[in-house]
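Asker: Structure below; questions to follow.
The values are calculated or read from the model by the stated rules, or taken from the named source; none is laboratory data. Just so you know, these numbers come straight off a predicted model, no measurement behind them. Note that each Cβ is placed from the backbone with ideal geometry, even for glycine, and that neighbours are counted across all protein chains shown. Note: accessible area is taken over every heavy atom of the protein model, side chains too, but ligands, DNA and RNA are not part of it. Shrake-Rupley method; radii C 1.70, N 1.55, O 1.52, S 1.80 Å.
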Amino acid sequence: MSRLSRPARLSALTLAAVITLSGCIGLPSTTGVRAGQAVDAGAVDEPLAVEPLTASSFDDPRSIATGFVRAQMSSQDNHAAARTFLTAEASTAWKPGSAVTVFSGESDIVATRPETGKVRLRIPVVATISPDGHLERSDQYERTLEFSVRETSAGWRLTDLPPNLGVWMSDSDVTRLFTKANVYYPARHGRVLIADPRVLPRQGLATALARASLSAPPAWLEPAVEQSAPDGTRLAVDAVPVREGTAQVDLSKQASGADNAQRTALWAAMTATLLQAPEVGTLNLTVGATRLEAENLPSTVDEVSDVGYRLPTGGVDTVISRSGTYLAWTQASANDAVSGTTKAAARGRPSLPAVEANWTFLAAGQGGRQIAAVSKDRTSIRRWVNGSAVTLDSLGTDLVRPAFDASGWLWTAGHAFSNAESGRSDSKVRDASVWAVDTSASEAGAAPVRLQVPWLGEGEVESLSMSPEGQRLAMIVKDPKGRRAVLAAVERDAKGRPVRLGPAHVAARGVKNPTSIVWADATSLAVLGTIDGTKRPALQTIDDVVEPLAVVRHGDGLASTLRGSDGLFVRTSNQTVFTRLGSSWSSFLSRGDVIVPNP
């Protein structure tokens with residue numbers, strides 16, 4: 001369904017817990033919170049009130065400097081509390097802005113006085129939050145801030161601040177005052193929305209969401225995004241009032257220049273984004289006092305399907321288990337494949353072909369109506385469609401497990417032959433490649449499209465996974481520097497054909513030597529790699545902290561039903577498959593494979 005149910009909305013927003021990792025207190029995280037899980041709405045829109053520090057005449061210079069940093073957690077009245085630590089001149093010069101530098105804990109600040117009139121703070125930094133809410137985590141490092149200080153009639157005060165200081169906030173204050181949300185962008189093709197995770201202030205969440213919705217997408221995502229508002233469009237008034245569940249979003253005059261397609265996309269993106277605020281049930285977009293009209297726009301818009309758009313699927317309940325040549329529909333939530341393979345699991349689903357043992361790395365698309373596999377020598381791909389087999393011979397070498405996208409394209413990667421058109425499998429192998437095959441075309445017309453990937457260079461793709469909406473590719477790339485997890489947006493031509501991958505965006509930075517990657521849901525990834533010297537699965541919301549999961553011995557691959565950590569499977573080199581059971585893993589299939597169909 002396209003409708004964001006109240007629990008599903010909040011599951012993408014709520015701070016489930018404060019996660020402890022590598023000795024640091026975690027920032028807001030959605031990890032562990034699943035779609036459909038009930039969450040107290042009151043915890044989202046009303047942060048716990050804490051009285052901010054203010055300066056006194058008794059504070060010494062060190063206390064004035066540390067107090068100034070700690071008081072910045074209150075933005076009330078343009079950071080009035082923090083300004084009490086400054087002279088009038090310093091207060092006028094300080095331009096806080098809306099970017100936030102996050103440090104690990106107030107008790108970790110070290111204050112020294114290197115000379116009279118100076119105070120130096122050493123602060124452990126763990127992340128930054130951009131003005132539009134993008135979180136960028138980093139390995140903890142120490143930042144030094146130096147302030148000038150002098151004694152005034154009111155006591156010691158700061159007279160000179162470091163340049164471009166911005167706002168500083170402890171991670172515990174960020175956890176209390178900020179929340180996770182998604183900004184939704186319209187895709188260039190497919191009338192589907194792409195979720196981009198942000199960290200936004202809880203107070204005034206509807207305003208923050210509307211403002212973020214008008215911000216540009218991150219550069220790596222831009223090739224897949226359709227511009228939904230003319231350049232310069234912003235909120236006419238920097239506030240979004242919500243009355244009786246309706247958010248009133250008044251846009252600047254530039255929005256009136258949007259064409260019909262842009263207006264429809266803007267309604268869809270704004271609706272999906274603002275419905276995450278607990279108090280918002282619908283919205284009204286206006287320019288001045290006039291509603292922003294679009295063709296076939298209903299009088300009330302309270303879900304994206306009202307304007308012909310859709311959100312990515314929330315996951316699948318049924319997978320395909322493979323034992324030898326036999327494929328069977330199996331309940332994904334079952335404790336094991338035997339108990340999960342029932343008539344109920346197969347009811348209403350397409351019949352499955354027998355797949356010979358010399359075909360491996362299976363994938364399923366269109367709800368299981370198509371099965372794809374790679375030949376044992378990893379040079380060819382075969383598809384089974386309605387009982388008939390279609391083979392794409394000699395595509396390349398070292399082909400990886402393919403993946404279907406929501407538009408019916410089949411994706412894989414490997415090394416291309418120097419004259420692949422001839423079908424000669426003994427040809428000299430040349431550079432690494434990513435291909436997409438239009439599975440809706442006839443057998444004769446299903447020629448693979450080799451995408452342009454300028455940044456791949458000497459690298460090669462060892463694992464890939466397509467996002468639920470079909471616009472972002474997650475990959476494990478190996479090059480002379482090692483292996484890394486990356487994301488790239490898919491750029492398509494006017495007919496929707498993939499032509500190139502956008503810039504690479506590094507993911508799962510805390511995982512060394514990753515070997516397998518899948519989407520865990522629309523905004524998070526599961527990666528198999530080494531953490532603290534041990535190979536194990538891990539979860540990561542895009543650009544957030546990596547959360548290690550329990551170890552699975554001999555793990556060498558992942559599968560996902562797009563239901564977060566609860567929907568993960570781990571394949572092993574012994575051809576066993578494990579499923580999530582609480583915080584651990586349980587044997588699902590003693591010998592075989594699990595294939596998750598693209599809906």
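Asker: Residue by residue through the range 75-87, note down the ones that are open to solvent by less than 20 Å² (accessible area, probe 1.4 Å) and at negative phi.
Answerer: First, the residues of the range 75-87 that are open to solvent by less than 20 Å² (accessible area, probe 1.4 Å): 79, 81-82, 85-87.
Hits for the range 75-87 are A81, A82, F85, L86, T87.
Asker: Here's a check for you: in the range 88-99, which residue that is open to solvent by less than 60 Å² (accessible area, probe 1.4 Å) and of a type in the set (A, V, I, L, M) is farthest from R198 (Cα to Cα)?
Answerer: Among those residues, the one meeting the criterion is A90.
Asker: For S333, all conditions in the list (1) free of Cβ contacts under 8 Å to residues at least 60 places away in the same chain; (2) within 12 Å of F588 (Cβ to Cβ); (3) of a type outside the set (A, V, I, L, M); (4) not in a loop (DSSP other than H, G, I, E, B) hold save one; what is the number of the exception?
Answerer: Of everything listed in (1) free of Cβ contacts under 8 Å to residues at least 60 places away in the same chain; (2) within 12 Å of F588 (Cβ to Cβ); (3) of a type outside the set (A, V, I, L, M); (4) not in a loop (DSSP other than H, G, I, E, B), S333 misses just condition (4).
Asker: Only one of these is open to solvent by 10 Å² or more (accessible area, probe 1.4 Å), at pLDDT 95 or above and of a type outside the set (D, E): A389, A354. Name it. Walk me through how you get there before you give the answer.
Answerer: Working: A389 fails: at pLDDT 95 or above.
Answer to the selection: A354.
Asker: Looking at V319, is it of a type outside the set (F, W, Y), without any contact (Cβ under 8 Å) to a residue 40 or more places away in the chain, within 30 Å of V437 (Cα to Cα) and crowded, with 20+ Cβ neighbours inside 10 Å? Break it down stepwise before answering.
Answerer: On the way: of a type outside the set (F, W, Y): yes; without any contact (Cβ under 8 Å) to a residue 40 or more places away in the chain: no; within 30 Å of V437 (Cα to Cα): yes; crowded, with 20+ Cβ neighbours inside 10 Å: yes.
Judged against the criteria, V319 is not a match.
Asker: Filter the range 100-135 down to the residues that are open to solvent by 40 Å² or more (accessible area, probe 1.4 Å) and at pLDDT below 90, then identify the one that is farthest from P61 (Cα to Cα).
Answerer: Step one: filter the range 100-135 for residues open to solvent by 40 Å² or more (accessible area, probe 1.4 Å), giving 106-108, 110, 112-116, 118, 120, 122, 128, 131-132.
Then drop every residue that is not at pLDDT below 90, which leaves 106-108, 114-116, 131-132.
Working: E106: 17, S107: 17, D108: 18, P114: 12, E115: 11, T116: 10, P131: 30, D132: 34 Å.
The extreme case among them is D132.
Asker: Report, by residue number, each residue of the range 566-587 that is touching a helix residue (DSSP H, G or I) at 6+ places or on another chain (Cβ under 8 Å) and either aliphatic (A, V, I, L, M) or open to solvent by less than 10 Å² (accessible area, probe 1.4 Å) (or both). Show your work before the answer.
Answerer: From the range 566-587, those touching a helix residue (DSSP H, G or I) at 6+ places or on another chain (Cβ under 8 Å) are 577, 580; that's our starting set.
Answer for the range 566-587, where residues must be touching a helix residue (DSSP H, G or I) at 6+ places or on another chain (Cβ under 8 Å) and either aliphatic (A, V, I, L, M) or open to solvent by less than 10 Å² (accessible area, probe 1.4 Å) (or both): just V577.
Asker: Quick check on this structure: which one of A357, A372 is of a type in the set (A, V, I, L, M, F, W, C) and within 30 Å of P186 (Cβ to Cβ)? Step through it out loud before you land on a result.
Answerer: Working: A357 fails: within 30 Å of P186 (Cβ to Cβ).
It is A372.
Asker: A follow-up question, please. With the range 167-273 as the region, which strands (runs of 3 or more DSSP E) entirely inside it contain at least 1 residues that are in contact (Cβ under 8 Å) with a residue 12 or more places away in the chain and over 30 Å from A82 (Cα atoms)?
Answerer: Fully inside the range 167-273 and qualifying: 178-186, 193-201, 246-251.
Asker: Can I ask one more? Give me the pairs, please: first residue somewhere in the range 584-599 and in contact (Cβ under 8 Å) with a residue 24 or more places away in the chain, second residue anywhere and in a strand (DSSP E or B) and basic (K, R), beta-carbon distance under 7 Å, and either six or more positions apart or on two chains.
Answerer: Sorted first by the residue in the range 584-599, then by its partner, the pairs are G592/R322; D593/R322; D593/R571; I595/R322.
Asker: Output the residues belonging to the range 540-561 that are in a loop (DSSP other than H, G, I, E, B), modelled with pLDDT under 95 and not charged (D, E, K, R).
Answerer: Those that are in a loop (DSSP other than H, G, I, E, B), modelled with pLDDT under 95 and not charged (D, E, K, R): I542, V545.
Asker: Out of the residues in the range 559-599 that are aliphatic (A, V, I, L, M) and in contact with a Phe, Trp or Tyr (Cβ under 7 Å, 6 or more places away or on another chain), which is farthest from T313 (Cα to Cα)? Show your work before the answer.
Answerer: Taking the range 559-599 first, the residues aliphatic (A, V, I, L, M) are 559, 562, 568, 570, 577, 581, 589, 594-596.
So of that shortlist, the ones also in contact with a Phe, Trp or Tyr (Cβ under 7 Å, 6 or more places away or on another chain) come out as 559, 562, 570, 577, 594.
Details: A559: 16, L562: 8, V570: 22, V577: 24, V594: 20 Å.
Per the criteria, the residue is V577.
Asker: Restricting attention to the range 274-323, which residues are among the polar types (S, T, N, Q) and outside any strand (DSSP E or B)? Walk me through how you get there before you give the answer.
Answerer: From the range 274-323, those among the polar types (S, T, N, Q) are 276, 282, 284, 286, 290, 296, 299-300, 305, 313, 318, 321, 323; that's our starting set.
Hits for the range 274-323 are Q276, N296, S299, T300, S305, T313.
Asker: Any idea which of L209, L177, L221 is in contact with a Leu (Cβ under 8 Å, 6 or more places away or on another chain), buried (at least 18 other Cβ atoms within 10 Å of the Cβ) and not charged (D, E, K, R)?
Answerer: Numbers: L177 fails: in contact with a Leu (Cβ under 8 Å, 6 or more places away or on another chain); L221 fails: in contact with a Leu (Cβ under 8 Å, 6 or more places away or on another chain).
After ruling out the rest, the residue left standing is L209.
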